[in-house]
Amino acid sequence: MDELPVIDLFSPDRFSTANSVRQACIEHGFFYLVNHGVDEELVKKVFEQSSNFFSLPIEDKMKLARKNHRGYAALYAEKLDPTLSSKGDSKESFYIGPLADDLNQWPLQEDLPSWKSTMETYYQQALSAGTKLLSVIALSLKLDEDFFEKMGALNEPYSFIRLLHYPGDLGSSSEDIYGASAHSDYGMITLLATDGVPGLQICRDKSKQPQVWEDVPSMTGAFVVNIGDMMERWTNCLFRSTLHRVLPPRQERYSVAFFMDPNKDCIVECLESCCSEACPPRFPPIKSSDYLRERLRLTYGS
């Protein structure tokens, strides 16, 4: 496949960066982000802490079972592609949401001493990288770079860390079981860190049958960034939220996704720079929380 573009977040030439981001979001919906400002040692610690949690006995993990979309989701609890006949995706995950609202669930300090502080620091650094990237995305859409801040989208953004663990070969013969079945993300942008084990694939053209899937190799020190459905909606389908999936890994695999989503009350409606008489808005305005609630209901069937 053509290599995905590499975007340097701290390049001094912001307009050239914005043009590269625009091209990446129109053509691929995916790109690598380097120089993102998230400390490499911290990323390593997050992977270590994630592994420590997932290696606890299942009964300990289930004490933190998912509620309010925070906490632990066991193997097969999710099916990202509801058309599949399988029992669910072969991964377990742990969600950490906005730090201010006291809904997060944390492992006990005595079990995993620096777990909470590591995750909170990572949340803040990833949020800061995402905010900087959104100012470049605003420029790439011919808007002021503080557009998303001014409209209130980043005032208490509804962002989540999602720790993911794919246990590797589960000895299943079902062809329908994926690590993560085909889906596009729901929000604005996702920043993904991986442990280098392959498995992530993208399908650039979701309307084409049969679908063509291409591997996304991991790049040391880079986030893999993708555009979510909400951003596709905001840009009137100019930017693409690209279908992606994770193949059933033959070996154990960890990844950490940071979903950057706007404030719950933010109204997502077609941006002025993305519509015209010839290209009118395709979607009605919708409140961010209503949109996300419906998408999550479809994923979890609840």
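The values are calculated or read from the model by the stated rules, or taken from the named source; none is laboratory data. Quick caveat, the model's predicted, so the values are computed rather than measured. Cβ coordinates were reconstructed from backbone atoms using ideal geometry, including for glycine residues, and neighbour counts include every protein chain displayed. Protein only, heavy atoms only, side chains kept; ligands, DNA and RNA dropped before computing areas. Shrake-Rupley method; radii C 1.70, N 1.55, O 1.52, S 1.80 Å.
When you scan the range 137-151, do you find a residue that is open to solvent by less than 10 Å² (accessible area, probe 1.4 Å), among the hydroxyl-bearing types (Ser, Thr, Tyr) and in a helix (DSSP H, G or I), even just one?
yes
Quickly run through the range 79-126 and pick out the residues that are crowded, with 20+ Cβ neighbours inside 10 Å and of a type in the set (D, E, K, R).
Matches in the range 79-126: LYS79, ASP89, LYS91, GLU92.
Residues in the range 161-169: is at least one surrounded by 22 or more Cβ atoms within 10 Å (Cβ to Cβ) and either part of a loop (DSSP other than H, G, I, E, B) or touching a helix residue (DSSP H, G or I) at 6+ places or on another chain (Cβ under 7 Å) (or both)?
Yes: the range 161-169 contains one or more residues that are surrounded by 22 or more Cβ atoms within 10 Å (Cβ to Cβ) and either part of a loop (DSSP other than H, G, I, E, B) or touching a helix residue (DSSP H, G or I) at 6+ places or on another chain (Cβ under 7 Å) (or both).
Name the single residue, out of those in the range 6-65 being hydroxyl-bearing (Ser, Thr, Tyr) and crowded, with 21+ Cβ neighbours inside 10 Å, that is farthest from SER93 (Cα to Cα). Step through it out loud before you land on a result.
Of all residues in the range 6-65, those hydroxyl-bearing (Ser, Thr, Tyr) come to 11, 16-17, 20, 32, 50-51, 55.
Next, from what is left, pick out any that are crowded, with 21+ Cβ neighbours inside 10 Å: 32, 50.
On the way: TYR32: 23, SER50: 9 Å.
Once the filter is applied, the top-ranked residue is TYR32.
Can you list residue pairs whose Cβ atoms sit under 7 Å apart, with the first residue in the range 254-283 being of a type in the set (D, E, K, R) and the second being outside any strand (DSSP E or B) and loosely packed, with under 13 Cβ neighbours inside 10 Å? Count only pairs 6 or more apart in sequence or on different chains.
GLU269/PRO285
Which is more than 26 Å from ILE227 (Cβ to Cβ) and under 20 Å from the mean Cα position of the chain (by Cα), of GLY71, GLY97?
When all the criteria are applied, what remains is GLY71.
Quick one: which residue in PRO248, PRO280 is modelled with pLDDT of 95 or more, open to solvent by 50 Å² or more (accessible area, probe 1.4 Å) and more than 16 Å from the chain's Cα centre (by Cα)?
When all the criteria are applied, what remains is PRO280.
On the given criteria, is SER184 touching a Leu at 6+ places or on another chain (Cβ under 9 Å), within 19 Å of ASP229 (Cα to Cα) and polar (S, T, N, Q)?
Taking the combined requirement at face value, the residue satisfies it.
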